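The values are calculated or read from the model by the stated rules, or taken from the named source; none is laboratory data. Since we're looking at a predicted model, the values are computed, not measured. Here the Cβ positions follow ideal geometry from the backbone for every residue, glycine too, while neighbour counts run over all protein chains shown. Only protein heavy atoms, including side chains, enter the accessible area calculation; ligands, DNA and RNA are left aside. Shrake-Rupley method; radii C 1.70, N 1.55, O 1.52, S 1.80 Å.
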Amino acid sequence: MSELQTKTSSRQSEWLARITLILILVIFPSALLGYQFWLRPALADIRTIEIVAAAPEAGGFQPDVIRVAAGEKVRLRFSVPDVAHGFAIGPGLGLDWSQVDPGEVKEVEVTFDQAGRYTLYCNIWCSPNHWRMRSTIEVYDPEQPDRLPVNDTADPVIASLIARQVDIDAPHEAVTIPTGRPSAARGQEIIAGLGKALPAELQSQVWQRSHSPVEAWQTLEVVGLSEAEAWDAVAYLWLAELDDAQRQAAGSLYAKNCAACHGESGDGQGPGATVWAGQSLDQHSGTHPEEKPAAFTELRTMLGGTSEIYYAKVRRGGMGTGMPGFGPIFTPDETWLLVEYLWTFPLQSKLPSGRQ
Amino acid sequence: MSHRFELTRSLWLKALLKSRLFQPILMLLTLFFFVVAIIAGFFGTPAGSHNFSIIFVWIVWWALLIIVLVPFFGRLWCTICPIPSLGEWFQRRGIIRRIPGPLRSLHWRWPRRLRNIWLQNFGFLAVAVFSPIVLTSPSVSAWVLVGMIGLAIGLSVLYENRIFCRYVCPVGGFIGLYSLVSSLELRVKDLQVCKDHLTKDCVTGTECSYGCPWLIFPGNLERNTYCGLCMECLKACPKDNIALNLRPFGADLLVTKGRSLDEAYKALIMLACALLYSAILLGPWGWLKEWANMASLPHWAAYATGFLTANLLVLPGLFWLATLAAQKATSLQTPVKRLFTDYAYSLVPMGLTGWIAFSFSFVFVNGSYAISLLSDPFGWGWDLLGTRTVPWTPFWPGVMTTLQVMLLLLGLVFSIVITYRIGLQHAKTHTQAWRSTLPVASFLTMVTLAFLWLYMGG
């Protein structure tokens, strides 16, 4: 090859290399990002919504508001950068996806049939601020995209408590308590023995929900039962509604949403309770460190309260405590189910398959 | 030269290495992957296991570097590294061709005080102390890559040649040191030819080559530490006096010329880091990992203080005691500082095997992510090769610990042999050498036991 030819070929290589450099530094990145963020969404038959799921102190769900049209099938892609999180959307949709580990990505496809406001929430303990890990999903009616149905109107049960001037957040200690956990199994026989002597109001769900077990016990003592017999009878009346399937559903709700703080056995000693005393929670949520999660196994604090009060606490949260509101997550029916389940902690279930 | 096999005897290999296309083409290729990593870091999923910037940089590249390139090929990574590429091409005004004229830069002089690897030592520690975050967060990773390339460009504007690679790059520091072990070297064939050659084309450059960008006169090369294997000298030498050789592992560790305290500290820092990372990431202390991950600023500050103290004071302190004992055990008058520096080179094989063993623990466990990432490098849900849904599967979980233990023991034996041979350089008799070896060998054994305890699930 002559020197001239060598020079020409080296010039050509140089230009080729320069063009390659421009391709690498400018054209490739522009084309790639243009495709991913403009062309690909435009061509896709299903919209993908990217959701970063980080612990609340690292930003929580991003974005924190997601808008979707009712009836629109969307793909949600969760990226988990830090610690394991669980994903569920409520209330009342039954959407609950299993845990996703750090560094992983999970895709789900979902269609929201009804317009409304829903909550995407984490349902495994991920940080001291776990309960803050929520974002809103606004599902709009495609006919009226600007109008979002308001489905968080005042809860009639809470409104009624307030109207009756019941202090939801005050302690509701029982004036008297049984010596041990009352047994619904024994209570069932006692109630059967009472027959028509059982005061009618005690069998009414409305009465039961608005009265405490202590009040029921006082009523039963009047009809001639011993102290212990009356407590057993109350245990039966309070747990009679909960069948096996309901207990399982409620147990699962409890395990995912409550046990982290209140403990699996309801003793108030979940992993969340240990950080309760620490400063971090105080800093983040503004609660008082001395406010421990309620122990449902404590007879004195439990048996003086009513199902309505516990219902209100679950849905609205505990004022001045770290108890978050679950109203945006549970339907009223789910909340009642959960409250009925809570009674299985201070009261001994009659069902052999249940907690003894 | 004994025990050497000259690879450049192969004409086609020599022609390849002499071609001006060789290095730039590889650099363009790695630059492309570098750009992919940066885009993935900034725009890809923040889930590290599904992001190219984490898996391909910190697992695939790292594994390639520490398990293959450094032990076998020395600084070969520096030949193809994309980080200095833009700065170098800016200085040269071209990519392939040898453009006549001086390099384009402000021609500042690099301070004499910084003509060592202390900056690289501290730079490495600065990155290391953040590494649990850098290694898991794609965006932080991308910032580190952008920062490195920005710094390399900046330094190329101010100073001629590869000042960044030679004195600043935190990766280059340990690649250089561990290349002392590697089985590949670039050397002159006949030193006398260089001495007699007046024009020194390898330093000044020729019509078809640049002067050594690493500021080295190949005639003086006795160790791999600062030769970036760019092959400019091979292109320049009119006497055909440059050779690429295969040689026994660890040959440079016994070269006394060039040993210095900054390199000795590098050896200690690398060993300490391998040990500390093993403890943080594989040890039974969850709290330590949380602190390293910046659970809170005070926790991280405590971790960082401990990490730096262990690196700069504790391990060097213990090693200093070992060398002091070595001096006392013999009646030699060599100053302890000299012994400290010289014996530190015996830590190099153990440090390297320690790093390889540590790397096995995440390469074997998490390497399979790379398969799905080939199809979806940005975690955007692509499926280029149909491998996106290939599940995460640890490779050979039963074999990993055995391999790690074997490697660590190999490193220990290698290091003790080197210690003894360094001892011989100071001692008059074999007995004296053995006596001075004992304290250092005890130190090496203790470190190995700590590694073994961590890897065998202590």
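Quick check: with the 1.4 Å probe, what order do B:R388, B:R113, A:R147 take by accessible area, largest first? Kindly include the intermediate steps, with their values, before the conclusion.
Working: B:R388 70, B:R113 210, A:R147 160 Å².
Order by accessible area, largest first: B:R113, A:R147, B:R388.
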Original post:
Given the Cα atoms of the range B:20-65, and with Rh set as the inverse mean 1/r over their pairs in the Kirkwood sense, what is Rg to Rh to two decimals?
Top reply: 1.07
Original post:
List the trypsin sites (Lys or Arg not before Pro) in the range B:1-108 that DSSP assigns to loop (not H, G, I, E or B) and whose Cβ has at most 15 other Cβ atoms within 10 Å. Which are they?
Top reply: B:R4, B:R93, B:R104
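Determine the gain in length on full extension of the stretch A:E138-A:E173; use 0.36 nm per residue of separation and subtract their C-alpha separation, reporting nm with one decimal.
Numbers: separation 35, 0.36 × 35 = 12.60 nm, distance 4.05 nm.
Here the answer is 8.5 nm.
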**OP:** Please determine, in degrees from 0 to 90 and to the nearest 10, the orientation of helix A:244-257 with respect to the longest principal axis defined by the Cα atoms of chain A, where the helix direction is its Cα long axis.
**Re:** 50 degrees
Subject >> Mean residue ellipticity (222 nm) of chain B, computed from DSSP H runs ≥ 4 via -39,500 (n - 2.57), nearest 500 >> reply: -17000 deg cm²/dmol
Original post:
Just the accessible area per residue of chain A, please: how many Å² with a 1.4 Å probe?
Top reply: 49 Å²
**OP:** In whole Hz, with x marking every Gly and Pro, tabulate ³J(HN,Hα) for the range A:336-349 from phi via Karplus 6.51 cos²θ - 1.76 cosθ + 1.60, θ = phi - 60°.
**Re:** 4, 4, 5, 5, 4, 5, 4, 5, 6, 7, x, 10, 7, 5
Original post:
Tell me, what HN-Hα J-couplings in whole Hz come from the Karplus equation 6.51 cos²θ - 1.76 cosθ + 1.60 at θ = phi - 60° for each residue of the range B:4-9, using x for Gly and Pro?
Top reply: 10, 10, 7, 6, 6, 5
**OP:** Would you work out the relative contact order for the range A:14-76, in percent, from Cα pairs under 8 angstrom that are 6 or more residues apart?
**Re:** 26 percent
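For the pair B:T305 and B:L21, what calculated FRET efficiency results from E = 1/(1 + (r/R0)^6), where r is the Cβ-Cβ distance and R0 = 30 Å, to the nearest 0.05?
On the way: r = 49 Å, r/R0 = 1.65.
So the FRET efficiency works out to roughly 0.05.
May I ask for the Kirkwood hydrodynamic radius of chain A, worked out over all distinct Cα pairs and given in angstroms to one decimal?
On the way: mean 1/r = 0.0419 Å⁻¹.
Here the Kirkwood hydrodynamic radius works out to 23.9 Å.
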Original post:
Taking every eigenvalue of the Cα gyration tensor of the range B:90-145, multiplying by 5 and rooting it, what semi-axes result, largest first, whole Å?
Top reply: 32, 20, 8
**OP:** Note down the relative contact order for chain B as a percent, whole number, built from C-alpha pairs under 8 angstrom at least six residues apart.
**Re:** 18 percent
Original post:
Cβ under 14 Å from B:S442's Cβ, B:S442 left aside: what net charge do those residues give with Lys, Arg +1 and Asp, Glu -1?
Top reply: +2
**OP:** Restricting to the protein assembly as shown, compute how many DSSP beta bridges are antiparallel as a %, nearest 5.
**Re:** 70 percent
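Please quote Rg/Rh for the range B:57-201 to two decimal places, taking the Kirkwood radius as Rh and restricting both calculations to Cα atoms. Can you show the working numbers first?
Details: Rg = 17.1 Å, Rh = 17.1 Å.
Ratio of gyration radius to Kirkwood radius for the range B:57-201: 1.00.
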**OP:** Please report Rg over Rh for the range B:123-265, where both radii come from the alpha carbon positions and Rh follows the Kirkwood definition.
**Re:** 1.03
**OP:** May I have the pair-distance distribution P(r) for the range B:355-458, computed from all Cα-Cα distances with 5 Å bins from 0 and rounded to whole percent?
**Re:** 3, 12, 15, 13, 11, 10, 9, 8, 6, 5, 4, 3, 2, 0
Subject >> Whole-angstrom gap from the range B:57-115 to the range B:154-224, using each part's C-alpha centre >> reply: 11 Å
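Using DSSP H assignments, which helices in chain B have an axial alpha-carbon span of 20 Å or above and a mean Kyte-Doolittle hydropathy of 1.0 or higher? Walk me through the intermediate numbers first.
Working: long enough: B:22-43 (32 Å, 2.42); B:138-158 (30 Å, 1.92); B:261-277 (23 Å, 1.27); B:315-329 (21 Å, 0.95); B:347-366 (28 Å, 1.52); B:397-426 (44 Å, 1.39); B:430-455 (35 Å, 0.77).
Those that clear 20 Å and a mean of 1.0 are B:22-43, B:138-158, B:261-277, B:347-366, B:397-426.
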Subject >> B:R112 versus B:K200: modelled label distance in nm, points set 7 Å from Cα along the beta carbon direction >> reply: 1.8 nm
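If we count every other residue with Cβ under 10 angstrom of B:G381's Cβ, Lys/Arg +1 and Asp/Glu -1, where does the sum land?
Local charge sum for B:G381: 0.
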**OP:** Would you mind checking which residues have amide H under 5 Å from A:V52's amide H? H placed 1.01 Å from N; only 5 or more apart, or other chain.
**Re:** A:Q62, A:S79
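Where only protein heavy atoms count, and the probe is 1.4 Å, what is the accessible area per residue for the range B:12-51 in Å²?
Working: 1530 Å² over 40 residues.
On a per-residue basis, the range B:12-51 sits at 38 Å².
Taking the alpha carbon gyration tensor of the protein assembly as shown, what are the square roots of 5 times its eigenvalues, largest first, to the nearest whole Å?
Values for the protein assembly as shown, descending: 69, 34, 19 Å.
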Original post:
How long is chain B along each principal axis, judged by its Cα atoms, biggest number first, in Å?
Top reply: 68, 61, 40
Original post:
Can you give me the pair-distance distribution of the range A:150-282, C-alpha pairs, 5 Å bins, whole percents?
Top reply: 2, 8, 13, 14, 17, 18, 15, 8, 3, 1, 0, 0
Original post:
Ignoring ligands and nucleic acids, what accessible area does A:T297 show with a 1.4 Å probe (Å², nearest 10)?
Top reply: 60 Å²
Subject >> For the pair B and A, total buried accessible area rounded to nearest 100 Å², probe 1.4 Å >> reply: 2400 Å²
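Could you tell me what fraction of 2.2 N^0.38 Å the Cα radius of gyration of the range A:138-216 comes to, as a two-decimal ratio?
Values: Rg = 20.8 Å, N = 79, 2.2 N^0.38 = 11.6 Å.
It is 1.80.
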**OP:** Could you give me the radius of gyration and the Dmax of the range B:241-302, taking only the C-alpha atoms into account and expressing both in angstrom?
**Re:** 19.0, 58
**OP:** Have a look at the range A:95-110 and report residues whose accessible surface goes down by 10 Å² or more when the remaining protein chains are included, against the chain on its own, probe 1.4 Å, ligands and DNA/RNA excluded.
**Re:** A:G103, A:E104, A:V105, A:E107
**OP:** Check each of the chymotrypsin sites (Phe, Trp or Tyr not before Pro) in the range B:313-408 and keep only those in coil by DSSP with at most 16 other C-beta atoms within 10 angstrom; list them in order.
**Re:** B:W382, B:W392, B:F395
Original post:
Counting only other chains, what is the mean number of Cβ atoms within 10 angstrom of the Cβ of each residue in peptide B:36-49?
Top reply: 5
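Gain in length, A:I162 to A:M319, computed as 0.36 nm per residue apart minus the alpha-carbon separation, to one decimal in nm? Spell out each step's value before the answer.
Working: separation 157, 0.36 × 157 = 56.52 nm, distance 1.39 nm.
So the extension gain works out to 55.1 nm.
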Original post:
Once label points are set 7 Å from the Cα along Cα→Cβ at both A:Q114 and B:I133, what is their separation, rounded to one decimal in nm?
Top reply: 4.4 nm
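Averaging sequence separations of C-alpha pairs under 8 Å and six or more residues apart, then dividing by the length of the range B:19-82, give the relative contact order as a whole percent.
Working: 40 pairs, mean separation 26.8, N = 64.
Answer for the range B:19-82 is 42 percent.
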Subject >> In Hz, Karplus ³J(HN,Hα) per residue of the range A:74-87 (6.51, -1.76, 1.60; θ = phi - 60°; x = Gly, Pro) >> reply: 10, 9, 9, 10, 9, 10, 10, x, 10, 10, 5, 10, x, 10
Original post:
Against the longest principal axis of chain A, how steep is helix A:184-194, in degrees 0 to 90 to the nearest 10, with axes from Cα atoms?
Top reply: 40 degrees
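Which whole number in µm²/s is D for the range B:1-104 by Stokes-Einstein, with the Kirkwood Rh taken over Cα pairs at 10 °C and 1.306 mPa s? Intermediate values should be presented prior to the final figure.
Values: Rh = 16.1 Å.
This corresponds to a translational diffusion coefficient of 99 µm²/s.
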Subject >> Bins of 5 Å from zero: percent of alpha-carbon pairs in the range B:377-432 >> reply: 4, 14, 11, 9, 8, 8, 9, 8, 7, 6, 5, 4, 4, 1
Original post:
Can you give the calculated 222 nm mean residue ellipticity of chain A, where each DSSP H run of n ≥ 4 adds -39,500 (n - 2.57) and the sum is split over every residue, rounded to the nearest 500 deg cm²/dmol?
Top reply: -10500 deg cm²/dmol
Original post:
Under a point spin-label approximation (7 Å from Cα along Cα-to-Cβ), what is the B:L261-A:L39 distance to one decimal in nm?
Top reply: 5.9 nm
Original post:
So how do B:V390, A:V105 rank on accessible area, 1.4 Å probe, biggest first, that is with the largest at the start?
Top reply: B:V390, A:V105
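Express in nm, to one decimal, how much length is gained between A:S265 and A:I22 on full extension, taking 0.36 nm for each residue of separation and deducting their alpha carbon distance. Please list the in-between numbers first.
On the way: separation 243, 0.36 × 243 = 87.48 nm, distance 6.39 nm.
The span from A:S265 to A:I22 would gain 81.1 nm if fully extended.
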